[in-house]
Structures are given as structure tokens and as C-alpha cells.
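See below for the structure under consideration.
The values are calculated or read from the model by the stated rules, or taken from the named source; none is laboratory data. Here the structure is a predicted model, which means the values were calculated and not measured. To get the accessible areas, we keep the full protein, side chains included, count just its heavy atoms, and leave off ligands, DNA and RNA. Shrake-Rupley method; radii C 1.70, N 1.55, O 1.52, S 1.80 Å.
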Amino acid sequence: MDAEGSLQRLVQGEHETHSHQGRRDSDITTPSLPASARTMSISELRQAIFQLVDRKHSRKKTLLALAVTCKSFTGPALDLLWRELDLFAPLIRCLPPGLWKLDKLELQFQRAMTLDDWSIFCKYNHRVHSLHMKASPCGVSTEILIALGYPPFSLPLLPNLMSLTWNTPSETLPYIRSFVTQTLTTLNIHARSEFRFSPSIQSILSFIPILCPSVSHFHFHDDAELGDTSIALQCWSHLISVTTGNVSDATILHLSKLPSLRVLNLGLHTPITADTQQLLQHNGFCALQELGVTCETYLATGDAFFEALSIAPKKLSISYWVDSIEALPASISRIPDACAHNALEYLQVEVNEGGFGAISISAATFEPLCAFRNLRRLNFESIYNVQLDDTTLVQMARAWPLLEVLIIHGLLGRWTDHNITPNALVSLLQHCPRLASIAIVMNWSTVDRCGISPEIPYQ
């Protein structure tokens with residue numbers, strides 16, 4: 001009991017030492033010290049200097065040198081040194097070398113942890129604010145995660161953690177409980193293709209918000225598109241940015257009512273219901289600045305969603321999986337119906353699935369997009385043939401005087417018709433003086449090579 005009590009006092013003392021650093025600094029500021037020492041004892045000034053060091057390429061080496069320079073530098077330097085971890089392994093490597101070993105690019109324990117080991121761990125754990133948990137190489141074994149799940153103090157392991165990225169196999173997701181905190185604001189979970197969504201994993205996803213209620217940035221990357229974060233998302237009321245796969249209509253309605261939501265990326269597998277459409281029409285997504293939608297099945301899935309919207313995003317990304325190319329123009333026309341014409345600056349459209357070359361996207365498909373007068377970037381990529389001509393390109397040029405980037409091609413440009421001549425390109429450059437990057441297929445056969453000076457290289 002005495003040993004455990006000593007550890008608890010050590011943990012508490014470490015945290016109190018960390019939080020009362022500034023007060024101790026003021027205590028050592030006495031007239032007997034030289035002016036330079038009194039100056040450097042001012043915690044605000046010292047913090048500003050360390051922040052400048054923290055921006056340099058050699059930050060880790062410099063901060064480590066500062067940490068061993070003098071006692072007043074140790075705390076602030078270590079705070080910055082440990083603030084962001086790309087791996088959890090550095091914390092384990094700080095423990096005695098007899099405790100762990102590197103086996104096949106993975107850290108493993110060689111013996112049981114002692115109270116002395118935990119005492120060393122507690123000198124650094126409270127300094128970590130951001131952590132990226134990765135699978136091997138140079139990650140930690142599941143055995144270590146199990147051992148760390150039972151510390152001689154209350155969880156979480158990293159009490160001041162504010163950002164957590166979990167990019168590990170599905171069998172390690174249960175150990176996320178040891179890391180999430182009440183103060184966590186950013187949570188990124190990467191479910192790779194081999195991620196297995198068993199009922200237990202779905203249960204963990206559903207109850208994570210209870211452990212970290214302050215999350216405002218939640219990003220769930222699901223390569224297999226099998227996970228469902230609907231329950232979790234409905235528990236958070238201060239979300240600012242969300243990335244997720246397919247979710248329920250109730251979750252979409254919940255997100256639409258959040259005044260804090262600025263960024264949303266989601267997948268749609270089935271059309272939303274008529275009731276959901278009606279409810280979304282009442283000031284849904286009022287503060288949204290960026291929207292990304294992936295229509296996983298039919299065009300009708302995206303049509304039902306956009307028909308219900310009246311939003312003003314600056315950035316819009318849409319990925320269509322087309323079941324009927326003839327219906328694509330009607331789907332594209334719903335974009336200006338849903339988005340404020342003077343707000344949109346960035347538009348990306350990706351058209352997937354279907355035939356190669358034999359079926360084309362007509363130039364008329366782009367006409368509704370001319371309504372966005374403040375458009376600065378258009379990126380249109382399609383697996384289908386794209387039929388552009390001079391008339392359509394000049395119409396775009398006149399509609400988008402602020403355009404900076406223009407990318408239009410089908411299947412990396414190989415199946416796009418060569419109907420645009422240099423005359424239309426000249427007109428585009430005249431109407432869009434800010435244009436800095438362009439990627440379109442052109443017909444250069446009309447250029448009279450004899451009229452080009454031989455002094456111009458690559459004629």
C-alpha cells in the first residue's frame with residue numbers, strides 16, 4: 001500500500017508541478033539574480049522563445065538540449081517535445097530498456113511493469129496532447145496495450161490528450177478506451193479494408209461518445225464501407241467537421257441542425273425518405289462551408305439529397321456512381337438549385353462506372369454550372385467521354401471571371417473529344433485573367449506551324 005500511495009502522490013505531484021510552473025517561476029525572480037536570469041524566469045517570455053524553436057526543422061534536437069540546460073527550461077521544453085506524437089512507441093522507449101524489446105519492427109514487453117516503470121511513464125504522459133496510433137512497423141504490440149490498460153491510477157493513460165488518430169487493425173479498437181479523454185476534441189478512426197465490423201466493434205463505435213463527449217472533429221474513414229457511426233454522431237452536439245460513410249436519415253437530420261457544423265463528408269447508399277427531405281428544407285446545414293457527397297449506388301440517391309437542400313458552401317465535392325449517363329445532366333442541374341450561386345468557389349465532380357468511349361457526357365451538362373459566378377476552381381473527372389467544344393468553353397470563360405484552375409477530362413483525358421481549338425483557349429485566357437492552371441484536351445491541328453518563329457523552342 002505504501003508503494004501504491006507513493007505512486008499516486010508522484011502522479012499527482014507531477015501534474016501539480018506541471019500546472020504550477022508559472023508560480024514557481026515568479027518565486028525565483030529575486031533581485032539577487034542577474035538581469036538575464038530574471039528575464040528568462042518570466043514564463044510568458046520563455047514560452048514565446050520556445051514556440052519559435054518549435055517551428056524549426058530541428059525542433060526535437062533543440063528542445064531536448066533546452067530541457068537539460070537548466071531546471072526552469074525543463075518543463076516548458078518537455079511540454080513542446082511531447083505535445084505531438086506520431087507513434088506511441090516513444091513513450092515506451094522512455095521506460096527501462098530491460099522492460100521492452102523490438103521484435104519484427106514491433107515493441108514488446110519482456111517482463112511485467114513495476115511501480116517504478118509507471119513512475120517514469122507519469123513524467124511524460126500528461127504532456128501529450130496529440131497522438132497518432134499506428135500499426136507496425138515500429139508500433140506497439142497488443143500485449144503492451146493490454147498491460148497499459150490496467151495502470152495503478154485512473155484512466156485515461158494520457159489525461160490531457162486532445163487529438164487522437166487510431167489507425168490500427170480492428171482487434172485493437174477495444175483498447176481505444178485507455179486513450180480517449182473528456183477533453184478530446186479531435187477523433188480520427190481509419191477502418192482499413194481488412195477491418196472487421198463485428199457486433200462488438202459496432203458497439204464500441206456507438207458508445208465512444210460517452211467517453212469523449214467534447215469531440216468537435218470526427219473523421220471515420222471506412223475503406224470497406226461497412227461501418228455505421230449513426231449512433232455516435234447523434235450523441236455529439238458541438239461537431240464542427242465530420243467525415244463518415246453511410247448514416248441513417250435520423251443522423252443526417254441531427255447533423256443538419258447543428259449550428260457549429262462547417263465541414264461534412266458523407267456517403268449515401270440509399271435515397272433519403274420524403275419525410276427527411278421535407279425536414280431538411282427548413283434551414284438545414286445553415287453554417288456549412290464545405291460539403292462532400294459520395295453517391296454509392298444510383299444517381300437518384302444524390303438527387304433526393306440535393307433536392308432537399310438550400311445551402312451556401314464555398315466548397316462542394318460530389319462523386320457519382322452512374323447507372324444511367326442520360327440522367328447525369330439532370331443530376332448536375334440540381335447542384336445550382338441547392339447551392340447559393342454567389343457562395344460556391346470550389347467545385348469537384350467525379351463520375352464513375354459505366355462504358356468507355358461509346359457513351360459521352362455532352363457539353364450541355366456543364367451549362368447549369370455557369371450560374372456560379374464566383375467559381376475559382378472546377379475539377380471535373382469522368383470515366384466517360386467528355387464532349388467539349390469552343391462554344392461551351394467560351395460560355396464558361398464569360399461566366400467565371402475569377403477562375404483560377406480548370407480541369408476537365410474523361411478517363412485521364414484519353415477518351416475526351418478533341419473539339420476545342422486554340423481560339424477558344426485564347427478567349428478563356430482573356431476572360432479569366434487569374435487562370436493559373438488548366439487541364440483540357442485540345443485540337444492543335446488548326447495551328448499554322450509555318451507562322452511560328454523558329455526561335456520559339458518546342459514549336
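Below are the figures for this structure:
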item	result
Computed accessible area, SER310, all protein chains, 1.4 angstrom probe, square angstrom	100 Å²
Candidate residues TYR150, TYR298: accessible-area rank, largest first, probe 1.4 Å	TYR150, TYR298
Kirkwood-Stokes translational diffusion coefficient of the range 318-397, alpha-carbon pairs, 4 °C, 1.567 mPa s, µm²/s	99 µm²/s
Coarse-grained scattering of the range 119-274 at q = 0.17, 0.19, 0.21 Å⁻¹, given as base-10 log I(q)/I(0) from a Debye sum over alpha-carbon atoms	-1.01, -1.24, -1.47
Derived scalar couplings ³J(HN,Hα) [the range 79-85; Karplus, 6.51 cos²θ - 1.76 cosθ + 1.60; whole Hz; x for Gly, Pro]	4, 6, 5, 9, 4, 10, 10
If the convex hull is drawn through the Cα atoms of the range 88-191, its volume per residue in Å³	90 Å³
28 Å Cα-Cα reach of LYS315 towards lysines, excluding residues that sit fewer than 8 places from it in its own chain	LYS257
Computed Rg/Rh of the range 252-303, alpha carbon atoms with Kirkwood Rh	0.96
Percentage of interatomic Cα-Cα distances in the range 62-103 larger than 14 Å	56 percent
